[in-house]
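Okay, so here's the structure we're looking at.
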Amino acid sequence: DRLKDHCRCITYAHRGHGVSDRPTRGYTIQQLARDLHELIEYLDLHDLLLAGHSMGGQVVLSYVEQFGCGRLSKLMIWDMSPRIITDESWKNGIGGSYCQQEFMQDLHVMAQDMGEHLWNFKRKNNPEVAALPESAKDLVVPGLLHMNCAQALMGLWVSMGATDLRGAVEKITVPMGYVYPGNGIYPYGTAEFYREHAAAPVRIFTVEQSPHSVQLYRPTETAQAVLNMLGE
């Protein structure tokens, strides 16, 4: 709503999300990037500012890795690391400390009870849900399960854990903007990594006291960051 009077805005739902189809396969970051490529070609888009939040940020990176920046004028990523797992060589995964063991534990919870996983995830990243008492879980979880495809969520979480897109950053040949929410999931080192390794200038937009879903909780600042990138 804050951008539509300034530019043509196109949004879509990934496979397994929203009202899009829920096929039985294709739940990888790489396939989502191929879906995006098909959409861009179908609409014959050029000079595109391509923006992705959270998992969508990895889709943007995978798109660049597979198809380059030929149709893009700029790109933006909001609170997403090219690799979510932290180890001795990488300190910019989830929370700066999310390790392989925690990743496997999360997969175990997802396989056993997707509702429990969604409740825990929302409690960490959604201030309204975090403020609810634990007794509200039974009221909230059915809605979360209705809105989400469990197969898609688990398949994409596996894919994100197995994906390392640090090399794709070096293929970014158009100006990039990174929106860093002060209370987001990834450390500031993620923003610095993009700035140090992209092959084009990177501008960092810091939105203080914002949770992970910066576009929902601080829409004015997020939209302004996009407009700033469009105006450069």
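The values are calculated or read from the model by the stated rules, or taken from the named source; none is laboratory data. It should be emphasised that the depicted structure is a prediction, and the values quoted were computed from it without experimental measurement. Here Cβ is always computed from backbone atoms with ideal geometry, including for glycine, and neighbour counts include all displayed protein chains. Only protein heavy atoms, including side chains, enter the accessible area calculation; ligands, DNA and RNA are left aside. Shrake-Rupley method; radii C 1.70, N 1.55, O 1.52, S 1.80 Å.
Brief remarks on what is shown
- Pick from segment 171-188, criterion in contact (Cβ under 8 Å) with a residue 60 or more places away in the chain and either of a type in the set (Gly, Ala, Ser) or at positive phi (or both), ranking: least open to solvent (accessible area, probe 1.4 Å): Gly177
- Unmet criterion (only one of (1) within 25 Å of Ile84 (Cβ to Cβ); (2) free of Cβ contacts under 8 Å to residues at least 60 places away in the same chain) for Leu43: (1)
- Exactly one residue out of Ala191, Ala168 is more than 30 Å from Glu128 (Cβ to Cβ), at pLDDT 95 or above, open to solvent by less than 10 Å² (accessible area, probe 1.4 Å) and not in a loop (DSSP other than H, G, I, E, B), and it is Ala168.
Residue-by-condition table, conditions (1) within 26 Å of Leu216 (Cα to Cα); (2) surrounded by 13 or more Cβ atoms within 10 Å (Cβ to Cβ):
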residue: His6; (1), (2): yes, no
residue: Ala13; (1), (2): yes, no
residue: Leu75; (1), (2): yes, yes
residue: Met80; (1), (2): yes, yes
residue: Asn92; (1), (2): yes, yes
residue: Gln101; (1), (2): no, no
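- Condition met for Ser62 (touching an Asp or Glu at 6+ places or on another chain (Cβ under 7 Å) and open to solvent by less than 40 Å² (accessible area, probe 1.4 Å)): no
- Pairs are defined by a Cβ separation below 9 Å, a sequence spacing of at least 6 or placement on different chains, a first member in segment 132-144 that is in contact (Cβ under 8 Å) with a residue 12 or more places away in the chain, and a second member that is assigned to a loop (DSSP other than H, G, I, E, B) and not charged (D, E, K, R); the pairs so defined are Val140/Leu132.
- Listed by first and then second residue, the pairs with beta-carbon distance under 7 Å, at least 6 apart or on different chains, first residue in segment 49-74 and at pLDDT 95 or above, second among the charged types (D, E, K, R) and assigned to a strand (DSSP E or B), are Leu49/Lys74.
- Selection status of Ala152, surrounded by 18 or more Cβ atoms within 10 Å (Cβ to Cβ), in a helix (DSSP H, G or I), modelled with pLDDT under 95 and among the small types (Gly, Ala, Ser): yes
- When segment 194-232 is filtered for residues that are assigned to a loop (DSSP other than H, G, I, E, B) and under 15 Å from Lys74 (Cα atoms), the ones remaining, listed by number, are Ala198, Ala199, Ala200, Pro201, Glu232.
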